[in-house]
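**Q** Here it is, the structure in full.
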Amino acid sequence: MAFCLLVISGRERSGERARIRSTRYQYFSMYIDFYKLARPAFEPRYQPSFWWSGGAVQSCYDTLVAGVDSGEVFQLVTGEPGSGKSALLYKLYADFADTIRVALLAGADIGDFHNEVIAAFGFAKEVDGKVEFVIELSRILKEGVAEGQTFLLVIDDAEKLEQTVLAELRMLLGLEKDGQPLLRLLLAGEQEIMERLALPENELLRQKLTNHLQLAPLDEQECRDYIEHRLQVAGAEEQIFTPEAVSIINRSAGGRPKIIDLLCTRVLEEGAERQERQLSASFVEPVVQLDWEEFLAGDLRQISAEKKRARPTRQSPAETAASVAAAVRAAVGDTRQEAGQTASPKKESNLLLRAVVVAAICVCLFLLYQYISFLQRPVATADSQSQPASLPQRQEKPPLVTAGAGNATLQPPAFTNASAPSAQKEAAVAAEREQDDAEKDKEGDDGRINVHSLDVIE
């Protein structure tokens with residue numbers, strides 16, 4: 001039943017994602033049809049055909065390519081959120097895929113660093129622990145370098161890497177063969193990664209840094225070229241944004257390509273809804289009067305929340321049982337509401353079934369109680385079984401006859417051990433016999449009684 005519930009919930013999430021995608025492309029199709037475009041012009045995900053080779057982005061790309069070709073061990077690209085770092089890495093990955101081995105990872109999504117690195121290089125070997133990882137990766141790198149291959153590890157969102165991963169990267173850069181490094185590293189992230197590298201524990205990694213590039217924001221002319229380039233690739237046949245409108249968009253976006261894409265998409269949707277063929281400054285300015293820092297942060301938080309909802313989470317056994325029980329109760333409740341009052345015989349059978357279940361539980365509890373009581377009973381050991389029973393301990397003999405005022409009374413001997421009932425019985429019989437003999441002797445003699453050679457003088 002739990003498996004069925006998980007399958008149903010998975011289908012619901014898939015349906016929700018499909019609905020979101022369809023709604024999103026409905027907005028795209030609105031301005032695509034109105035402005036006679038062949039495809040969305042400012043879609044946020046990276047597409048090679050929309051790569052714009054201009055401004056500081058192309059200069060940074062050329063420097064990174066030259067660094068890889070010249071054997072730079074450790075290169076770093078930093079920039080503000082939305083400045084185009086991820087697009088730059090995707091471009092490098094696509095261009096180098098046929099010439100060198102490139103492993104591309106996202107710092108925010110790294111879990112099992114060892115196995116993810118090996119899998120990103122295209123090997124299916126799984127390792128367990130740091131020692132096995134170093135041995136296996138060293139073997140892969142040495143064999144590849146011997147064949148003339150180059151290995152480049154690229155990590156995006158490097159500011160989100162844990163300290164343990166940074167220590168692992170320092171160790172990987174120390175792998176060498178004949179004095180030549182076996183692995184090259186390229187990191188991209190926000191300014192926070194430089195603060196992380198400035199820490200004392202990362203000094204050795206910082207010393208290996210050979211090239212640091214900073215992505216600068218686009219100026220007004222670069223922003224105009226960037227927007228026109230994307231519109232032309234999308235199939236635009238006429239100018240849509242006026243130069244003044246582009247200036248407002250660039251100023252509001254801070255020259256960051258990702259936010260420019262978001263603003264242009266929003267303006268195009270509004271223009272298609274209002275039937276505006278050409279978007280002027282007077283039309284664009286009220287549309288972009290928002291705090292786009294908060295907008296970008298909210299967009300990223302929404303994406304992160306959607307990832308968390310789609311990612312399965314581990315629950316404790318108690319939480320899993322509680323969630324399954326709640327789902328079962330909800331399903332049973334819905335069934336009862338649909339059944340209504342027409343299922344009275346079924347209700348009676350359900351009550352009978354519940355009574356049987358309760359009785360079975362009571363029987364199980366009783367049997368469990370009996371079993372626990374049996375376990376708590378003392379168990380006789382071998383020593384106690386082999387030891388013979390102790391003999392009755394006889395106390396000092398009390399007098400069989402007590403002298404009183406003119407009469408004498410016989411008392412049977414007393415035994416302290418109660419574990420010998422046969423001895424006590426024989427003693428009692430002997431005492432009665434002696435008492436009878438004493439009475440007979442008393443009648444025949446003058447004041448002298450002989451009992452077991454004991455002389456008792458009256």
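**Q** Sort E147, E190, E132 so that the residue with the fewest other Cβ atoms within 10 Å of its own Cβ comes first and the one with the most comes last.
**A** Listed from fewest to most nearby Cβ atoms, that is E147, E132, E190.
**Q** Arrange Y371, Y46 by Cβ neighbour counts within 10 Å, fewest through most, would you? Let's see the in-between values first.
**A** Values: Y371 10, Y46 16.
In increasing order of surrounding Cβ atoms, one gets Y371, Y46.
**Q** Also, quick follow-up: With θ set to phi - 60°, apply the Karplus curve 6.51 cos²θ - 1.76 cosθ + 1.60 along segment 125-130 and write out the HN-Hα couplings as whole Hz, x wherever there is a Gly or Pro.
**A** These are the phi-based 3J(HN,Hα) values: 5, 9, 10, 10, x, 5 Hz.
**Q** Please give the FRET efficiency for D225 paired with I135, using the beta carbon to beta carbon distance and R0 = 51 Å, rounded to the nearest 0.05.
**A** That gives a FRET efficiency of 0.50.
**Q** What percent antiparallel are the DSSP beta bridges of segment 48-214, to the nearest 5? Show your work: numbers first, answer last.
**A** Working: 2 of 21 bridges.
Counting only bridges with both partners in segment 48-214, antiparallel ones make up about 10 percent.
**Q** Using a 10 Å cut-off around each Cβ, can you sort F241, F283, F366 from fewest to most neighbouring Cβ atoms?
**A** If I rank by nearby Cβ atoms, fewest first, I get F366, F283, F241.
**Q** Something else about it: Can you list the residues, at least 5 places off or on another chain, whose amide H is less than 5 Å from the amide H of N211, using H built in the peptide plane?
**A** F74, L76
**Q** To the nearest 0.05, how large is the calculated FRET efficiency for L204 and V363 if R₀ is 60 Å and r is the Cβ-Cβ distance?
**A** In this case the efficiency is close to 0.30.
**Q** Separate question: Tell me, what is a quarter of the convex hull surface for the C-alpha atoms of segment 155-195, in nm² with one decimal?
**A** 3.0
**Q** Short version: ³J(HN,Hα) in whole Hz for each residue of segment 141-156, in order, from phi by Karplus 6.51 cos²θ - 1.76 cosθ + 1.60 (θ = phi - 60°), x for Gly and Pro, what are they?
**A** 5, 5, 5, x, 5, 4, 8, x, 8, 10, 10, 10, 9, 10, 10, 8
Just so you know, all these numbers are worked out from the coordinates, no wet-lab data involved. Just so we're clear, the structure is a prediction, and the values are computed from it rather than from any experiment. Glycine also receives a Cβ, built like all others from the backbone with ideal geometry; neighbour counts cover every protein chain displayed.
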